[in-house]
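Report on the structure given below.
The values are calculated or read from the model by the stated rules, or taken from the named source; none is laboratory data. This structure is a prediction, so every number in the text was calculated from the model and none was measured. Here the Cβ positions follow ideal geometry from the backbone for every residue, glycine too, while neighbour counts run over all protein chains shown.
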């Protein structure tokens, strides 16, 4: 069996590619609840910001 967090990250990325942003955000929230280290948290938050940007939930305000 592989790393469950890595598998969920892969699932979230697949959902992003399919344009299923709300579902991918739910997966990331689930991951954030069980993350053990800071680097992984930063990677997940980076991915979350990309999802928000692509789905129009992040206004750049420029």
Item checked: For residue 32: the one exception among (1) under 8 Å from the mean Cα position of the chain (by Cα); (2) at pLDDT below 85 -> (1)
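Quick grid of which residues meet (1) on the phi > 0 side of the Ramachandran plot; (2) not in a loop (DSSP other than H, G, I, E, B):
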position: 2; (1), (2): no, no
position: 5; (1), (2): no, yes
position: 12; (1), (2): no, yes
position: 19; (1), (2): yes, no
position: 40; (1), (2): no, yes
position: 43; (1), (2): no, yes
position: 51; (1), (2): no, yes
Notebook entry, point to check: In the range 12-40, what residues are surrounded by 12 or more Cβ atoms within 10 Å (Cβ to Cβ) and either in contact with a strand residue (DSSP E or B) (Cβ under 7 Å, 6 or more places away or on another chain) or over 20 Å from residue 57 (Cβ atoms) (or both)?
Noted result: 35, 40
Note to self: Would you confirm, using the coordinates I've provided, whether residue 57 is part of a loop (DSSP other than H, G, I, E, B) and surrounded by 11 or more Cβ atoms within 10 Å (Cβ to Cβ)?
What the structure shows: yes
